[in-house]
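The values are calculated or read from the model by the stated rules, or taken from the named source; none is laboratory data. Note that the coordinates shown come from a computational prediction; the quantities given were computed from them, not determined experimentally. Cβ: placed from backbone, ideal geometry, glycine included. Neighbour counts: every protein chain shown. Only protein heavy atoms, including side chains, enter the accessible area calculation; ligands, DNA and RNA are left aside. Shrake-Rupley method; radii C 1.70, N 1.55, O 1.52, S 1.80 Å.
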Amino acid sequence: MISVQNHRPQLSGNKWLTFLFIALIAAACSPKVRPVAVQPKKNEPGKAAVKTEPQNGIKATSKVSTIALLLPFGLDHLRPGSPYTSVTLKEADISLDYYRGFKLALDSLTGQGYNYKLQVFDSKGENAQAHSLGLNPAVRSSDLIVGPVFPDDIKAFTGAYPNAGQPIISPLSPASPASIKSQGLVTMMPPLEYHAWGAAKYVYDKIKPKKVFVLKSGYSEENDYITSFKKAIDSLSKKHTQVIYLTVIHGQLNSLMPQLSSTSENVFIIPATNQHFLNVTLRALDTLSKVYQVTVFGHPNWVNLSFLKADLLQRLNTHITSSDRIDYKAANTVTFITDYRSEYNAEPTAYAFKGFDEGLYLGQLLANGDLKNLSGKDYEGLHNNFHFQKKVGLGWINTHINIYKYSNFELKKVE
């Protein structure tokens, strides 16, 4: 899961010359590129998937859909005396990559007969600027608003523009929409609670253990995951699955030994991301696995933790939830990478893939007038899958989660 939260990311490259181009953008109309086909996901009975490719013989429409893209380019830092820091430069890199992917998606749709006017605004990653953009007539009159990126900025924006009827896209952050409370919000990245629910559902449906062990490091940041998992497993099992908590100190698991099963899988939920805690605790579980059947479910951010070793995770039968994975061997992915390289002379990052998936999905829904009701409009992209649920007071939330398991020393999708 790629998280864009309130804390600012660290340095990753320098692309400031390109921002000279971005700064001049008021409306974007670029040459058509060959369409990149992304297949719709098969829905449940009675639910029609969104079509990502128009039918043959589609008629070009004269309607022009206006999109406002609000990203933290931080163009003020191009001025002498106000250079980019490692933090603001990383934000700008993310913005540029997402913009490129989003723009390529609109180009692809334009090649199929749709029409768009893309307006790009610099949110600067600042609350005050986000609030100001919420008052901007050009933004307010747009058919679709994508951004700002960070949760506090979205909150400031919606505070200035509390239009429940206007979809406002949170493009990259998995932060809970409960802190924003906007009926028009569309949260593209599944919040952590849906990862916990996805893990609980898999545990209940596939393993059906009588007990589940939750190993805690003691940090309060784990409580959101733990609370959601407990609520889900209680609901699914009607409280027949016992949840046992242990705050692990120095890898000591001896107190759990009398409660472990010698004949069936012992499921351990570990919502921690702390390096020292995980290194010690996973080694302790590795020792335990020589005697007992061990199955581990980790935090979704484990996919980004380089200190975790695939051989150890495979021995522990480790599962990880994720909302986004790229199959670089897929034909659609190869086509996208080829077009991206041709258009920008650069390699697409995960944020470029996200921009493309979201641009293709939202762009077609917008042009077809389907954006205000996302129910049943499931979608399988190059990097993200979308399955939206409407939550009262919180808007639309993407709840699609996949389960991956370590096999042959890499993550393989199992659910």
Test item: Cα-centred dipole of the stretch 232-318, Lys/Arg +1 and Asp/Glu -1 on Cβ, debye: 40
State, to one decimal in nm², a quarter of the convex hull surface area for the C-alpha atoms of the stretch 250-389, i.e. the direction-averaged projected area. 12.3
Carbon and sulfur atoms: what percent of the 1.4 Å accessible area of the stretch 374-415 do they account for? 43
Output ordering of 323-329, 224-230, 172-178 (per-residue mean of other Cβ within 10 Å, highest first) is 172-178, 224-230, 323-329
Cβ-derived FRET efficiency at R0 45 Å, Thr263 paired with Asn368, nearest 0.05: 0.25
So what does Ile180 come to for accessible area, using a 1.4 Å probe and Å² rounded to 10? 20
Just the number: Rg to Rh for the stretch 328-377, Cα atoms, Kirkwood Rh, two decimals. 1.08
Could you please state how large a percent of the accessible area of the stretch 170-318 is carbon and sulfur, counting protein chains only and using a 1.4 Å probe? 49
Filter the cross-link list Lys216/Lys412; Lys90/Lys181; Lys210/Lys239; Lys238/Lys413; Lys390/Lys413 down to pairs whose alpha-carbon distance in this structure exceeds 20 Å. Lys216/Lys412; Lys90/Lys181; Lys238/Lys413; Lys390/Lys413
Lys290/Lys390 FRET efficiency (R0 45 Å; Cβ-Cβ; nearest 0.05): 0.40
For the stretch 140-259: rounded, prolate or oblate by the Cα gyration tensor [a/c cutoff 1.5]: prolate
May I ask you to give the solvent-accessible area per residue for the stretch 171-218, in square angstrom, as obtained with a 1.4 angstrom probe? 35
Please quote Rg/Rh for the stretch 175-235 to two decimal places, taking the Kirkwood radius as Rh and restricting both calculations to Cα atoms. 1.04
Each label sits 7 Å from Cα toward the beta-carbon; between Ser82 and Asn332 the label points are separated, in nm, by 4.1
Straight-line reach only, C-alpha to C-alpha below 12 angstrom: list the aspartates and glutamates that Lys377 could link to, leaving out same-chain residues fewer than 8 apart. Glu44
With every protein chain kept in place and ligands, DNA and RNA left out, what is the accessible area per residue of the stretch 234-298? Probe 1.4 Å, answer in Å². 52
For a test of the definition: using alpha carbon positions, the gyration tensor, and the 1.5 limit on a/c, classify the stretch 71-184 as rounded, prolate or oblate. oblate
